[in-house]
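S.K.: For reference, the structure I am asking about is given below.
The values are calculated or read from the model by the stated rules, or taken from the named source; none is laboratory data. Keep in mind that what you see is a predicted model, and the values were worked out from it rather than measured. Ideal geometry is used to build each Cβ from the backbone, glycine not excepted, and the neighbour counts take in all protein chains shown. Side chains are part of the model used for accessible areas, which takes the heavy atoms of the whole protein and leaves out ligands, DNA and RNA. Shrake-Rupley method; radii C 1.70, N 1.55, O 1.52, S 1.80 Å.
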Amino acid sequence: MKKFRKVLDGLTTSSPGGTVGSPSCGSAAGTPTAAPTPKEIDIQETLVSENFQLCKTVRHGFPYQPTSLAFDPVQKILAIGSRSGGIRILGRPGVDSYCQHESGAAVLQLQFLINEGALVAACADDTLHLWNLRQRRPAILHSLKFNRERITFCHLPFQSKWLYVGTERGNTHIVNIESFILSGYVIMWNKAIELSTKTHPGPVVHLSDSPKDEGKLLIGFESGTIVQWDLRAKKADFRIYYDEAIHSVGWHHEGKQFMCSHSDGSLTMWNLRNTTKPIQITFPHGKIQKDGRKESCKPILKVEYKTSRNSEPFIIFSGGLSYDKAGRRHTLTIMHGKAITVLEMDYPIVEFMALCETPYNNEVQEPYAVVVLLEKDLIVVDLTQSNFPVFENPYPMDIHESPVTCTAYFADCPPDIIPILYSIGAKHKKTGYSQKEWPISGGTWTLGSHIFSEIIITGDVFLCFEPVTLQMLYKLKTSKVFEKPKVGEGRAAELVEEDPFAVQMVSWCPQSRIFCVVGISAHIILYRFSKYEANNQIVSLDVRLQCEPEDVNSPSENENNPCFSEPGSHSPQASHHHHHHQNPASPSAEKGSVPCLKVKDRMVRVPPGYQAELVIQLLWVDGEPPQQITSLDINSAYGLLAFGNCNGLAVVDYLQKTLLLCMSTLEMYGAADPYQRLTRSPRRNRQSTSELCMRGLSNFYSDSKKRIRTSYQSLTELSDNQQSIDMERSKSPTSGSTLTHTHTHTHARTLQHCILMLFRENSFSRSRSSSVSSIDRDTKEAITTLQFGESYGRKGDVVPTPCLWVGTSLGVVLLFPMSIPTDEDERMEEPVTIGPSGAVLMLKGSVLRFGFLDCAGALIQGPYEIWRDPNAPEDPDRPRKRKLVHFSPSSSQDTSGDGHLAVVCSERQAKVFLMPSQACLFVHNITESSFVLRADVVTVYNSVCLACFCANGHVMTLRYRLQLPP
């Protein structure tokens, strides 16, 4: 008979005689012991290892270190090569594919087989690859390695079966594009130039076929030598010797003239009738100085010479500016007739390419756009309008201007939230873009009948997660809530070296659309969503969450009142500022108690979207900065917000704009402190607290770059592409249980993961070094995770009530039951009561995550409020009362009895507790050699599992099966 088939893996039972919450509750992994398992529990678990196969879904962001560019003018698709060997293929918005060379060698050049669905890549390891793009996943058809010569330039004429490959030695090889093997035909450098010329012409920097005759190949050497080679006669038609190095060549479509760009910033025009000297030499940006000499100019790295049927030709080039123009940015110059337009770029130009109406080089090109690949951006310029506006880039390449500092993922969002966010975000788009459609329009992409309800939030940007691409939905600037700090004003500059508004953590309720942001300057901003603009007055609430060392009490002093702390000299405090009044007795009025930033205290006109309603700031106290906020949770049904740091915990009623609870970590325990901390010397504590405070927030942001680099290097030193799935099965004769541990791991290579590691390392690294039973007496205990939900705060509870679950960096779990008025009018006026229940549960390592299951194994959702627009016009037919949705832990239990399961995951362990008895049913030691960075209890194929991301780059999914003997 199968009973209690659990979805959390490898979790072992606790010892039957162990005291709940004692360190002895944890047993070794894989060593189940007998524990009273409720006969009513019968979880039908269906997860298998195959449910957790890894697959690539999407690659978001701009290609890192781009190197090359190619365009198919018929299919209208674009290819970008990178220094790490990757190729990004882009078409119409939504068409986005990525392929990678196994060698990792940089992509030097890309050439499309126009209108054939194939692409040639020349790599820095002197290998040519032919990619097939016609299948769902691009794959390499052929590869050709050059062993003795370095590839410098490739050219593939339209509809030709011959690929011309120039080398560093000055030779030109010819490859059959169908068989992808070398033909025997080689144009040696010493035959291309005159035999009497003893000087080597340098590497081949240009190859092109003549528009008049495809049997004529133009070869440009770096030294300035140009040769037109007759492929049939195997001899040179003419040779040009110029004393300036050549960078590129562009043909006139008639094939009678071509233009060269040179290292001295000049352009030369050559006529095939007389090649002894150029018919024209121009320095587009070189003015004549007073002494009659030309200004010295930078090289023109590339030039394109494109003709137009109804206007003058377009001459487009990069570089060529005067060296004397200090501070000038990177430019693209467009010469059209007598008009010269210089477009300044934010980043260096890697490559550019004119997009033309025809793929034939012997027809009038009619250029309509220019694609400019920058080091960190992709720009497309509209050539059909005289002011040359740029197109608005539809690809989700750029997340935002600032580095990603946090990420959050939300699945199963309300279906209407994504269209609303997109429509609001679209109204804030910049003006001045070209009104024409995006010219890179190849490929097909349809959403079909799928409705995607997943959202990723990064820093201060909402992104929609889709199978093919990530589309930016909405952008939010948190700095608009505060006054612009003046030079030398405020304490934020002393706290962080860079952006004082950097986003550190987010919490979002998709159903009520309430959004909370934790900033690096120890502040929290609460936003409400509205489709209407409004005049808002932001309420400011200052919280003094700073321990007073001399007032740390021993457990015996708190025995009579372990649950609640009255505001007093020893407790953290708060003050709030409203636009109607300011509390004159507030602690912020005390000497040295000031917030880091100044909130706007006037009515502010805010656009539709997320509008700030409340700002909570931690105060500086006696010259000591507030500690960084380490945890946050909001619940829209309760109207409450909870946050904590290494000093303690605070709970805010954001409906009444009041502080409900503000207590130090020690006060949360009362007599239930498992460590029985002793009173410490005020002098010793003062020193210890000061040291911890100063190395907290003040060092966190300034040291982040160094830590990110270190963490990123440690992760990327692991195997690049290792992906495996291991299954371990073992039988225990003592309990008849089948232990199935599904372990899926991959290696993280993204900056977000490194920042998550940084956050854990900076705050809670002390808890990893040893078991919690041997803690340092002077170590601060941080609040690491918080979660509101319907649960049982005390063992004797019969029905679930609102509770706050609190986890700390020492592996302790505390329960805070709450009493919340149910009537809406009373809720806005009567106080909410909250305090610790005295229950203490323990794990190894910092507590990271809570999850709640009913006794059938289904995930219990937290209660929430249905969204209503706070600024909507009055409608008598629509009720204005709050509509709440609750999910009772016992609501789905017809035959299984009351109660629910609480899953708690720490950096080292996972445990399952039966509520309300608080009995520890199962324990699993997740890792001994590493530690868990993030974890969550999630639903996969209608079953529940615990997903863990570890610092060694492994992603683990855990579940458990227990078979009881008949």
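S.K.: Collect the residues in the stretch 639-661 that are over 12 Å from ALA782 (Cβ atoms) and part of a strand (DSSP E or B), keeping them in residue-number order.
M.R.: Taking the stretch 639-661 as the starting set, the residues that turn out to be over 12 Å from ALA782 (Cβ atoms) are 639-642, 650-661.
Across the stretch 639-661, the qualifying residues are LEU640, LEU641, ALA642, ALA650, VAL651, VAL652, ASP653, THR658, LEU659, LEU660, LEU661.
S.K.: Filter the stretch 179-204 down to residues that are buried (at least 19 other Cβ atoms within 10 Å of the Cβ) and within 44 Å of the chain's Cα centre (by Cα), then give me how many there are.
M.R.: The number of residues fulfilling the criteria is 2.
S.K.: Consider PRO284 against the criteria (1) open to solvent by less than 10 Å² (accessible area, probe 1.4 Å); (2) farther than 12 Å from HIS336 by Cβ: it satisfies all of them except one. Which criterion is unmet?
M.R.: Exception for PRO284: condition (1).
S.K.: Identify the single condition in (1) touching a Gly at 6+ places or on another chain (Cβ under 7 Å); (2) assigned to a loop (DSSP other than H, G, I, E, B); (3) open to solvent by less than 20 Å² (accessible area, probe 1.4 Å) that SER84 does not satisfy, given that it satisfies every other one.
M.R.: (3)
S.K.: In this structure, does GLU178 turn out to be closer than 19 Å to GLN228 by Cβ and among the acidic types (Asp, Glu)?
M.R.: Values: closer than 19 Å to GLN228 by Cβ: no; among the acidic types (Asp, Glu): yes.
No, not satisfied.
S.K.: Follow-up. Output the number of residues of the stretch 202-239 satisfying the condition of being of a type in the set (Val, Ile, Thr) and free of Cβ contacts under 8 Å to residues at least 40 places away in the same chain.
M.R.: Taking the stretch 202-239 and keeping what is of a type in the set (Val, Ile, Thr), we get 204-205, 219, 225-227.
Keeping just the survivors that are free of Cβ contacts under 8 Å to residues at least 40 places away in the same chain gives 225, 227.
The number of residues fulfilling the criteria is 2.
S.K.: When you look at ILE629, is it open to solvent by less than 10 Å² (accessible area, probe 1.4 Å) and not in a strand (DSSP E or B), yes or no?
M.R.: On the way: open to solvent by less than 10 Å² (accessible area, probe 1.4 Å): yes; not in a strand (DSSP E or B): yes.
When the stated conditions are applied, ILE629 passes them.
S.K.: How many residues are in contact (Cβ under 8 Å) with a residue 60 or more places away in the chain and in contact with an Asp or Glu (Cβ under 6 Å, 6 or more places away or on another chain) if we restrict to the stretch 811-842?
M.R.: Of the residues in that region, 1 qualify.
S.K.: A further question follows. Please indicate, with yes or no, whether at least one residue in the stretch 922-938 is under 24 Å from LEU804 (Cβ atoms), open to solvent by 20 Å² or more (accessible area, probe 1.4 Å), among the β-branched types (Val, Ile, Thr) and not in a loop (DSSP other than H, G, I, E, B).
M.R.: Yes, some residue in the stretch 922-938 is under 24 Å from LEU804 (Cβ atoms), open to solvent by 20 Å² or more (accessible area, probe 1.4 Å), among the β-branched types (Val, Ile, Thr) and not in a loop (DSSP other than H, G, I, E, B).
S.K.: Ok, one more. Being buried (at least 16 other Cβ atoms within 10 Å of the Cβ), modelled with pLDDT of 95 or more and more than 23 Å from GLY117 (Cα to Cα) narrows it down to one residue among GLY224, GLY220; which is it? Give the derivation first.
M.R.: On the way: GLY224 fails: modelled with pLDDT of 95 or more.
Just one listed residue meets the conditions, GLY220.
S.K.: Here's another thing I want to ask about it. Applying the selection to the stretch 55-82, what residues are of a type in the set (Lys, Arg) and more than 18 Å from the chain's Cα centre (by Cα)? Outline the logic, then answer.
M.R.: Going residue by residue through the stretch 55-82, those that are of a type in the set (Lys, Arg) are 56, 59, 76.
Within the stretch 55-82, LYS76 is the sole residue that qualifies.
S.K.: Now a separate question. Answer yes or no: is there a residue in the stretch 160-178 that is closer than 21 Å to ASP213 by Cβ and open to solvent by 50 Å² or more (accessible area, probe 1.4 Å).
M.R.: Within the stretch 160-178 (the criterion being closer than 21 Å to ASP213 by Cβ and open to solvent by 50 Å² or more (accessible area, probe 1.4 Å)), the answer is yes, since at least one residue qualifies.
S.K.: Which residue pairs have Cβ atoms under 9 Å apart, sit 6 or more places apart or on different chains, and have a first residue in the stretch 131-144 that is more than 18 Å from TYR98 (Cβ to Cβ) and a second that is open to solvent by 70 Å² or more (accessible area, probe 1.4 Å)?
M.R.: Note: pairs meeting the criteria are HIS142/ILE181; LEU144/ILE181; LEU144/LEU182.
S.K.: Listed residues THR57, THR13; which is open to solvent by less than 30 Å² (accessible area, probe 1.4 Å), β-branched (Val, Ile, Thr) and modelled with pLDDT under 80? Outline the logic, then answer.
M.R.: Values: THR57 fails: open to solvent by less than 30 Å² (accessible area, probe 1.4 Å).
Answer to the selection: THR13.
S.K.: Working only within the stretch 254-274, note down all residues that are touching a Lys or Arg at 6+ places or on another chain (Cβ under 8 Å), open to solvent by less than 30 Å² (accessible area, probe 1.4 Å) and in a loop (DSSP other than H, G, I, E, B).
M.R.: From the stretch 254-274, those touching a Lys or Arg at 6+ places or on another chain (Cβ under 8 Å) are 254-256, 261, 265, 271-273; that's our starting set.
So of that shortlist, the ones also open to solvent by less than 30 Å² (accessible area, probe 1.4 Å) come out as 255, 261, 265.
Once the filter is applied, which keeps residues that are touching a Lys or Arg at 6+ places or on another chain (Cβ under 8 Å), open to solvent by less than 30 Å² (accessible area, probe 1.4 Å) and in a loop (DSSP other than H, G, I, E, B), the stretch 254-274 yields GLY255, GLY265.
S.K.: Return the only residue of ASP213, ASP237, ASP209 being among the charged types (D, E, K, R), out of contact with any His (no Cβ under 7 Å at 6 or more places or on another chain) and crowded, with 22+ Cβ neighbours inside 10 Å. If you could, list the steps in order and put the result at the bottom.
M.R.: Numbers: ASP213 fails: crowded, with 22+ Cβ neighbours inside 10 Å; ASP237 fails: crowded, with 22+ Cβ neighbours inside 10 Å.
Exactly one of ASP213, ASP237, ASP209 is among the charged types (D, E, K, R), out of contact with any His (no Cβ under 7 Å at 6 or more places or on another chain) and crowded, with 22+ Cβ neighbours inside 10 Å, namely ASP209.
S.K.: Additional query: Give all pairs with beta carbons closer than 8 Å in which a residue from the stretch 184-201 that is under 19 Å from GLU168 (Cβ atoms) meets a residue that is assigned to a helix (DSSP H, G or I) and not β-branched (Val, Ile, Thr); count only pairs at least 6 apart in sequence or on separate chains.
M.R.: From the stretch 184-201, the pairs are HIS200/TRP189; PRO201/TRP189; PRO201/ALA192.
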